[in-house]
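Worksheet: the structure to be examined is printed underneath.
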Amino acid sequence: MTIERIQRVLGRSSQPDDVDLSSRRVPPGEHVFAALERIAGSWFGDNAVRRSGLAPSTPGVPTPEELRRRAADCDMALSYEERALRSLTDDEFPCILLLDDGTSLTVTERGEGALFVEDGSRSAKPVAIDALEARYAGVVFHVRPKSHADDRSGGGVHPADGQLADDTIGDAVGLYRRVLHLATTSHQSALGKLALAAGLSNLLMLALPLFTMAVYDRVIPHGAMETLWALSIGVMIALAVDLSLRFVRSRFSDAVSLKVGLELQAKLYGRMMGAKLSDAPRAPGGLSRLAQEIDAVAQAVPQLVVSLMIDVPFFVLLLVLLYSIGGPILAAPLLGLCLLSLLHIYAHTQARHAIEAGAEFSRYQSNQLVETLAGLPMVKTSGAAGSLMRSWERVGDDAAYESHTARLWLGLTQNAQMIITQFVIVLTLMIGAYQVSSGLMSVGALAASTLLVGRALTPIAQMIGHAVRLLHLKPSADVIARLLDSAQEEAGEDIGARRKPLTGSVDFQAVSFAYPGAARPSLNDVSFSIKRGERVALIGRIGSGKSTLLHTMLRLNDVASGSVRFDGADARQFAPEHIRRSFGYMTQDSVLFDVTLRDAITLGLGTVSDDDFERAVKLSGVHGFAAHLPQGYATPVGPRGSYLSGGERQAVALARVLAMNPAALLLDEPTASMDNTLEAQLIDNLRQYLGGRTLIVATHRAALLTLCDRIIWLDQGTVMADGPREEVLARINGGGASSTQSEPAPAARRQA
């Protein structure tokens, strides 16, 4: 169903008679994602825009896959083409123009010699086409709604035709439905060609049986050698075409499977990154195997669908043809079908437990391998290698046994399938011999029937195999479905509040939070208020809730009760990425990816100016060691930053935060791995850098307390003291800790 594009949604409702273009310049462009969200907000309302939290991989024009995902997040379909500006028609507005610098402009309507262009506000202004052409890159993005809302009836957003009404997958069956939906909606052309190639290939399979019957019944009795040559040439051409069609079928099947598999993998990766921290998967090893399982599902589902669409009707056609040729011979393939079905069902029942257990052991091995590589120095120095080796061998032995059991039953299925086919052929010859001796069928018809029976069982056996394969994949498919259904971070209802720049003030009002399965809450009725520009230290012993408090402030955790407010507005009104852009957060463990030193600093920040980059590396201390590297900032940092020392990794992580130029700094043990000299230098640099910015630092180091004017002392998730630095330190040192049955924070004790 074609949905009529909504006209003039961003600009003026009517065109003026006189458009003064003399002083109208091309306005600054914006990222394509921002233009998509603006149009979607005007069509459906801001609340309908769903955000995956994924930024473009590089500054400038995103990849086609990124564009498709962002358009889907905005409930729109997107296409693009090379197009002249003057050829755009009225029903193509609004559209998005790509400029020569990689940015874009939203065009809302046409004027006399001009196009009305969105300038960043909720109005559109005319710009001369000649001026636009000077900056136009030649590519236009067309958008249309995938769903539409009836605001007058309060119906909200309703799915359009062909769109799944419920985005929840649920279980393995739901995942198979999603794969089928992707294949039939996004790749209709390739799937149609696949079905056509399969159908023609099946029809050409009839050539050899019919040729055999003609030779036995027509050519040999009459000695028609010329007819033999003609039939032989024809059947050889048919066989050659059949080979080509099989290649085409395999190619299109692979193309559909690869595209659907890549889409699902991208969706899974995006959902994993957008998941709430409490729902995110913890074990990395098992996740790597899921990518292979997604590919297997993406291959099996389209093949099964094509088999149901093409092979089953062809099987019925062959049965009709067999009945017309041999009559009672029809019983042989029907019996073979029953035997094949029972064989696969029985083998699946026997192999299911082994497959599930083998997958579990493989996940355990993958997790152990990842953990061993990550902690190899600890393994060597602690003498844990022997224990880990025994565990590896024991699990490996169990995994090998379960894999052997599964392969045994799968191999038996393949061998028994061949035997069943031969048994059906023998049964066909037996029945056919009685038919020939009774004069009810010819020898040629018997020969043709024998070939037809074999050809009838082959595609049906493949179809049953695809179905059983999906049954084998069900445990992994259930895991994938749960990950795709994981709860996602999202903004609240007040999108206007979400767009306001944050100033750095934050309020906690009776906030409590507990991790799933924890015996006690990590935060218990925490309340405080931090004004813009304040410098606050969070102190407390290990496990007191400092890092959890910072996570909650950044909406990495959802509070169980109470509320977090920024500039007086509830944190749930803001998109998580908006908060994290305003509150630069340095994590305690300083995780780096396997990229260059420069990329490790600018990762996720888009375009960082040279001035901002230089300032960040000098303030953080990165410049001090990067200047001595032969490759400078092009030096690889290694997996998880393993080529750098702990202090260097912390300096890089801090440089990344400073390059954001945030309104507030949230630092979690920022100098834990630094030497005293680097720490002192960093403190001096931060003191000069902060200015009016807010600073919240969780630390056990006494030196960092000199940066702060205020201390919040936490113990077991409860605020024990909150006030000026000297007063809190005096309370800790003066015996306030003893009444709480808690040891004072080491940093506070040393400072006192």
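No lab work stands behind these numbers, since they all come straight from the coordinates. Because the structure is predicted, anything quoted here is derived from the model rather than measured. For neighbour counting, all protein chains shown are included, and Cβ atoms are generated from backbone atoms with ideal geometry for every residue, glycine included.
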Seminar exercise, completed: Percent antiparallel among DSSP beta bridges confined to the chain, rounded to 5, stands at 75
For this session: Treat the count of other C-beta atoms within 10 Å as a stand-in for reagent exposure and order Thr108, Thr706, Thr89 from fewest to most.
Result: Thr89, Thr706, Thr108
For this session: Give me the number: length gained by fully extending Glu726 to Arg177, i.e. 0.36 nm times residue separation minus the C-alpha to C-alpha distance, one decimal in nm.
Result: 191.3 nm
Problem set entry | Between helix 312-326 and the chain: long-axis angle, C-alpha atoms, 0 to 90°, nearest 10 | 10
Exercise. Which order do Thr381, Thr372, Thr421 fall in if you start with the one that has the fewest other Cβ atoms within 10 Å?
Worked result: Thr381, Thr372, Thr421
Exercise. Based on Cβ point charges of +1 for Lys and Arg and -1 for Asp and Glu, what charge dipole magnitude is obtained for the chain about its Cα centre, in debye rounded to the nearest 20?
Worked result: 1100
Problem set entry | In nm, spacing of pseudo-spin labels at Thr706 and Cys338 (7 Å Cα→C-beta vector) | 9.1
Exercise. Between Val595 and Ala331, what FRET efficiency follows from the Cβ-Cβ distance if R0 is 51 Å, with the result rounded to 0.05?
Worked result: 0.15
Seminar exercise, completed: Exposure proxy check on Cys708, Cys338: fewest-to-most Cβ neighbours within 10 Å is Cys338, Cys708
For this session: Note the full-extension length gain between Met430 and Arg83 as 0.36 nm times their separation in residues minus their Cα-Cα distance, in nm to one decimal.
Result: 118.0 nm
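Excluding Gln631 itself, what net charge comes from residues whose Cβ is under 14 Å from its Cβ, given Lys and Arg +1 and Asp and Glu -1?
With Lys, Arg at +1 and Asp, Glu at -1, the neighbours total 0.
Rounded to the nearest 500, what is the 222 nm mean residue ellipticity of the chain from helices alone, with -39500 (n - 2.57) per DSSP H run of 4+ residues and division by all residues?
One gets -17000 deg cm²/dmol as the mean residue ellipticity at 222 nm.
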For this session: Starting from the Cα of Tyr643, step 7 Å along the direction of its Cβ; do the same at Leu690; then give the gap between the two resulting points in nm.
Result: 3.5
For this session: Please work out the Cα convex hull volume for region 172-484 and give it in Å³ per residue.
Result: 151
Problem set entry | Three principal axis lengths of region 251-382 [C-alpha, angstrom, descending] | 78, 31, 27
Exercise. Residues in region 81-107 near a label at Glu133, defined as backbone nitrogen under 13 Å from the 7 Å Cα→Cβ point?
Worked result: 84-88
Exercise. Taking the Cα centre of the chain as the origin and placing charges on Cβ (Lys, Arg +1; Asp, Glu -1), which of Leu473, Ala399, Phe315 is farthest toward the positive end of the dipole?
Worked result: Ala399
Problem set entry | ³J(HN,Hα) computed for each position of region 630-647 - Karplus, 6.51 cos²θ - 1.76 cosθ + 1.60, integer Hz, glycine/proline x | x, 9, x, 7, 8, 6, x, 8, x, x, 6, x, 5, 7, 10, 6, x, x
Seminar exercise, completed: Per the 1/(1 + (r/R0)^6) rule, R0 = 51 Å and r from the Cβ atoms of Asp91 and Leu239, FRET efficiency to 0.05 is 0.50
Exercise. Could you give the angle, 0 to 90 degrees to the nearest 10, between helix 385-437's Cα long axis and the longest principal axis of the Cα atoms of the chain?
Worked result: 20
Exercise. So if R0 is 45 Å, what FRET efficiency would Ala627 and Tyr515 give, r being the distance between their Cβ atoms, rounded to the nearest 0.05?
Worked result: 0.60
Seminar exercise, completed: If the chain between Ser561 and Lys618 were fully extended at 0.36 nm per residue, the gain over the current Cα-Cα distance would be 16.4 nm
Exercise. What does a probe at Arg390 reach in region 358-374, counting residues whose amide N is under 19 Å from the point 7 Å along Cα→Cβ?
Worked result: 365, 368-369, 372
For this session: Report, in degrees rounded to the nearest 10, the 0 to 90 angle that the Cα long axis of helix 443-472 makes with the longest principal axis of the chain.
Result: 20
Exercise. Hey, if you put +1 on the Cβ of every Lys and Arg and -1 on every Asp and Glu Cβ in region 172-484, which of Ala266, Ala214, Ala224 ends up farthest toward the positive end of that dipole?
Worked result: Ala266
Exercise. Out of residues 5 or more away from Asp722 or on other chains, whose amide H comes under 5 Å of its own, with H placed 1.01 Å from N in the peptide plane?
Worked result: Trp713
Exercise. Which part of region 424-457 falls in the paramagnetic zone of Leu228, meaning amide N under 16 Å from the point 7 Å along Cα-to-beta-carbon?
Worked result: 444
Seminar exercise, completed: Taking only C-alpha positions in the chain, Rg and Dmax in angstrom work out to 34.2, 119
For this session: May I ask for the net charge around Ala571, where only other residues with Cβ less than 9 Å from the Cβ of Ala571 are counted and Lys, Arg are +1 while Asp, Glu are -1?
Result: +2
